[in-house]
Amino acid sequence: MYCHSWKGIDAILRIFIPVNMVRKFLWAATWMLTGIGVLMVVRRIGIMTGFGKWLISPRFPFDSGLSNYPALTIVHIIPGLLFILLGPFQFRRVSDSFRRKSRYVFIASSYIIGFSALAMPFIVLPLGGINEAVASSFFALYFLISVTQSVRTGHKRKDTLRSEWLLRAYAIGLAIATVRPIMALSFAFFGMKPQTFLGTAFWLGFSLHAIVAEIWIQTTRSPALTQYH
């Protein structure tokens, strides 16, 4: 029933949304979010080392409490930087040697940031309260499941399935870069403070990435693989 329903949706999507055009748009968005993610890490490191204290704003106190947990923060953001930088190359045409070596680092970094993201709400009081904590924990679990599935299917030499699970994980990991623009827009247009909207922004950003990734996977999946499922 699910397969037949999706085939109808898939046919409609292919008629109204050219795949190549969507691919170009998604890659443009990916590079933009990669830049945002790198700037986020640089900003956090600057704040923690004292060189970027001027970046802390009372109106946007995202990173003001990081200095209280430097070890946990470093464990989370340094692998996060590797994840962000290596992520695009897991889906681009690169040499087999580079892809293989970078994937080991990418997977290892994914597990570190996944487990550290699970630990953070229980150690650091989230700015967005319980709403942010629940969103962070939920998507951290989904992220870790996706990474694990990509490893399992890779061992079974099911390359297409591995790439699909890896894309789900990458989309979730990159979603944190989308949360910041959502927060900026909520403040610019509605004057909402981070303390009241950050949790909702987490749900919106991560859900958006999960949905877009799933639509892309289902739309570009080969008929043989669809039948296999």
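Remarks
- Förster-model FRET efficiency, 25 Å R0, R152 and A108, C-beta, rounded to 0.05: 0.95
- Two-site label geometry, M32 and L118: point separation in nm, points 7 Å out along Cα→Cβ: 3.4
- Qualifying trypsin sites (Lys or Arg not before Pro) in the stretch 65-107, where qualification requires a DSSP coil assignment and no more than 16 other C-beta atoms within 10 Å, comprise R92, R93.
- Theoretical gain in end-to-end length, F89 to I74 [0.36 nm per residue, Cα-Cα removed]: 3.0 nm
- Packing-based order for 160-170, 31-41, using average beta carbon neighbours within 10 Å, highest first: 160-170, 31-41
The numbers here are math on the coordinates, done by the rules we state, and not lab data. Remember, predicted model here, so these are calculated numbers, not experimental data. Every residue, glycine among them, receives a Cβ derived from its backbone with ideal geometry; neighbour counts consider all protein chains shown.
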